[in-house]
1. Would you check which residues across the range 58-96 are aliphatic (A, V, I, L, M) and open to solvent by 50 Å² or more (accessible area, probe 1.4 Å) and list them?
2. Name, by its number, the condition in (1) in contact with an Asp or Glu (Cβ under 8 Å, 6 or more places away or on another chain); (2) surrounded by fewer than 18 Cβ atoms within 10 Å (Cβ to Cβ); (3) of a type outside the set (A, V, I, L, M, F, W, C) that does not hold for P27.
3. Taking the range 58-96 on its own, how many of its residues are within 16 Å of N34 (Cβ to Cβ), touching a residue at least 12 places away in the same chain (Cβ under 8 Å) and within 18 Å of the chain's Cα centre (by Cα)?
4. For V93, are the conditions met, namely being among the β-branched types (V, I, T) and more than 30 Å from M1 (Cα to Cα)?
Amino acid sequence: MIVVGFVGAAALAGLVRWTTSTRLPAPLGTLLVNLAGALALGLLAGAGPTARTVAGGAFLGSLTTFSTVMVELRDLRRRRPAAAVAYAGSTIVGGVALAWLGLRLA
C-alpha cells in the first residue's frame, strides 16, 4: 500500500507543479512551489517514517524542482542579471527560512 501511496503522491505533486508553472509566469511558479515545499518539509519533521517517505519523498520531491531553478537562473542571467540574483537569493534564503519556520511549527 505504501508503494501505491508513493506513486499517487508523486503523480499528484507533478500535476500540481505543472499546473502552477503553466498558470504563473516563470520563474514565479517554480519559486512558489519550491518555497511551499520547503515549509511543508519542515512541518513533516515530527511525522512518522511512512508519512515522511510518502509526503516528503514522493509528494514534495515531485513538487519541488532544482533542475528547473537552474534552467530559469541561466535564462534570467542572460536577459536580466539582477533578476537572476534576486531569484537565486529568494530561492535560497526563502527556502531555508521557510524550512526553519516549518521545523519550529512542527
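1. Restricting attention to the range 58-96, the residues satisfying the condition of being aliphatic (A, V, I, L, M) are 58, 60, 63, 69-71, 73, 76, 82-86, 88, 92-93, 96.
Selection gives M70, V71, A82, V85, A86, I92, V93, V96.
2. (2)
3. 18
4. Values: among the β-branched types (V, I, T): yes; more than 30 Å from M1 (Cα to Cα): yes.
Against the criterion (among the β-branched types (V, I, T) and more than 30 Å from M1 (Cα to Cα)), V93 qualifies.
The values are calculated or read from the model by the stated rules, or taken from the named source; none is laboratory data. Being a predicted model, the structure only gives us computed values, none of them experimental. We place every Cβ from the backbone using ideal geometry, glycine too, and count neighbours over all the protein chains shown. Accessible surface is based on the protein model in full, side chains and every heavy atom, while ligands, DNA and RNA are left aside. Shrake-Rupley method; radii C 1.70, N 1.55, O 1.52, S 1.80 Å.
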